[in-house]
Each structure stands twice: as C-alpha cells, then as structure tokens.
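Here the structure comes first, spelled out in structure tokens, and everything after it is commentary.
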Amino acid sequence: MKHPFDPMAAEAARLKALQLLQTALTKKAFNPVLIRLEGLTSIADFFLILSGGSGRQVKAIAEAILEEGRKSRLERLSAEGVHQGNWALLDYGDVIIHIFQPSVRDFYDLEGLWAEAPREVFPEDLLREIEMAKPEEDEWTEF
C-alpha cells in the first residue's frame, strides 16, 4: 500500500485483484466480493472475499491463486490456512484474499465488519464468469 493515496498504485492493486479472481473462478470460486479499503485502513487497499463449497475446493482455489501469483511474480507476504480447508488467507500486500467455506464466511462476516467500505463493480466479462461458477444451493458440500 502506498501513502499518500496514489491512484496508479490503487488501479494496479485493483487489476491484481481482478487477475487473481479470474484464476479463482477457474476453480469454481463463487460469491466474490471486492472491497475497497484505501483510506479506511493501512493493512491493504482491497479485500477479495470468495467462497468454496468444500474444504478441498477452498484448498484448490487457494493453490491456483498461489500458482498464478508465482507465475506472475506477484510479491506474496503470507499464506495462512491453505491446507486446512475452512478459510485461507493470501496476503499480497495491497490485496488480501480470503477464501471461505460458506458457513465459515457467514460466521466471520467480513462484509459486515467492513460494511462502510465501498464494493467494486466487476467488469462485464468477469460477471459472466462469476455467474457460470455460481453453484446451486444443494451443491455446497461442506466437510
């Protein structure tokens, strides 16, 4: 994160978040929310919050994002919970990605904690991919 506010750095962070979201969608991540945090906290410019329907899916989504980050030479500060499957946190400095199983996401309610933060609108091409990745309610198989 850059101080003072740098619009070019903020746009680069937004594009990074969208790139990593696109990777997550290849593993059927669903219900994405991109929260703009700049000016509200110094921990990151964006939170990207995603869901995976099972522990295995959360792990697969996290591993795909980590691989994309390596291939794209994105600096990663930390990765937590990737092999546990309930919640993974991938910290890329200006973008922090949270991947949850639905019940865990509901429990932590990051969207509620950051209710005052603006939500980004996804580009049209990503909206189509998001819609295609959306599971039916009975597809959620938490274990």
Could you tell me which numbered condition Ser72 fails, if it satisfies all but one of (1) in contact (Cβ under 8 Å) with a residue 24 or more places away in the chain; (2) crowded, with 16+ Cβ neighbours inside 10 Å; (3) over 20 Å from Glu116 (Cα atoms)? (2)
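Out of Gly55, Gly69, Gly81, report the one residue that is farther than 26 Å from Glu11 by Cβ and in contact with a strand residue (DSSP E or B) (Cβ under 9 Å, 6 or more places away or on another chain).
Values: Gly55 fails: in contact with a strand residue (DSSP E or B) (Cβ under 9 Å, 6 or more places away or on another chain); Gly69 fails: farther than 26 Å from Glu11 by Cβ.
Residue meeting the stated conditions: Gly81.
One line per residue, one yes/no per condition, for (1) at pLDDT 95 or above; (2) within 30 Å of Pro7 (Cβ to Cβ); (3) of a type in the set (A, V, I, L, M, F, W, C); (4) in contact with a Cys (Cβ under 7 Å, 6 or more places away or on another chain):
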site	(1), (2), (3), (4)
Ala60	yes, no, yes, no
Asp91	yes, yes, no, no
Trp114	yes, yes, yes, no
Pro123	no, yes, no, no
Leu127	no, yes, yes, no
Glu136	no, no, no, no
With respect to Leu21, determine if the residue is at pLDDT 95 or above, under 13 Å from the mean Cα position of the chain (by Cα), loosely packed, with under 15 Cβ neighbours inside 10 Å and within 23 Å of Trp114 (Cα to Cα). no
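Given the criteria at positive phi, assigned to a loop (DSSP other than H, G, I, E, B) and crowded, with 17+ Cβ neighbours inside 10 Å, does Gly53 qualify?
Working: at positive phi: no; assigned to a loop (DSSP other than H, G, I, E, B): yes; crowded, with 17+ Cβ neighbours inside 10 Å: yes.
For Gly53, the condition - at positive phi, assigned to a loop (DSSP other than H, G, I, E, B) and crowded, with 17+ Cβ neighbours inside 10 Å - is not met.
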For the range 82-104, give me the residue count where each residue is farther than 21 Å from Gly39 by Cα and either surrounded by fewer than 22 Cβ atoms within 10 Å (Cβ to Cβ) or free of Cβ contacts under 8 Å to residues at least 12 places away in the same chain (or both). 10
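Per-residue answers, yes or no, for (1) more than 17 Å from Gln84 (Cβ to Cβ); (2) of a type in the set (D, E, K, R):
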{"site": "Ala24", "(1), (2)": "yes, no"}
{"site": "Ile35", "(1), (2)": "yes, no"}
{"site": "Glu38", "(1), (2)": "yes, yes"}
{"site": "Phe46", "(1), (2)": "yes, no"}
{"site": "Ser51", "(1), (2)": "no, no"}
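With the structure loaded, tell me whether Arg73 is among the charged types (D, E, K, R), in a helix (DSSP H, G or I) and over 11 Å from the mean Cα position of the chain (by Cα) or whether it fails that test. So that I can check it myself, show each step before the final result.
Details: among the charged types (D, E, K, R): yes; in a helix (DSSP H, G or I): no; over 11 Å from the mean Cα position of the chain (by Cα): yes.
So Arg73 does not fit the description; no.
When you go through Glu111, Glu67 one by one, which is the residue that is outside any loop (DSSP other than H, G, I, E, B), farther than 16 Å from Lys16 by Cα and among the acidic types (Asp, Glu)? Break it down into steps so the answer makes sense when it comes.
Details: Glu67 fails: farther than 16 Å from Lys16 by Cα.
So the residue among Glu111, Glu67 that is outside any loop (DSSP other than H, G, I, E, B), farther than 16 Å from Lys16 by Cα and among the acidic types (Asp, Glu) is Glu111.
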Between a residue in the range 105-121 that is closer than 10 Å to Ile35 by Cβ and any residue that is at pLDDT 95 or above and in a helix (DSSP H, G or I), which pairs come within a Cβ distance under 8 Å, given they are 6 or more apart or on different chains? Glu120/Arg14; Glu120/Ala17
Of all residues in the range 28-43, how many are at pLDDT below 95 and crowded, with 21+ Cβ neighbours inside 10 Å? 1
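The values are calculated or read from the model by the stated rules, or taken from the named source; none is laboratory data. Remember, predicted model here, so these are calculated numbers, not experimental data. A quick note on method: Cβ atoms are made from the backbone with ideal geometry, for glycine too, and the neighbour counts reach across all protein chains shown.
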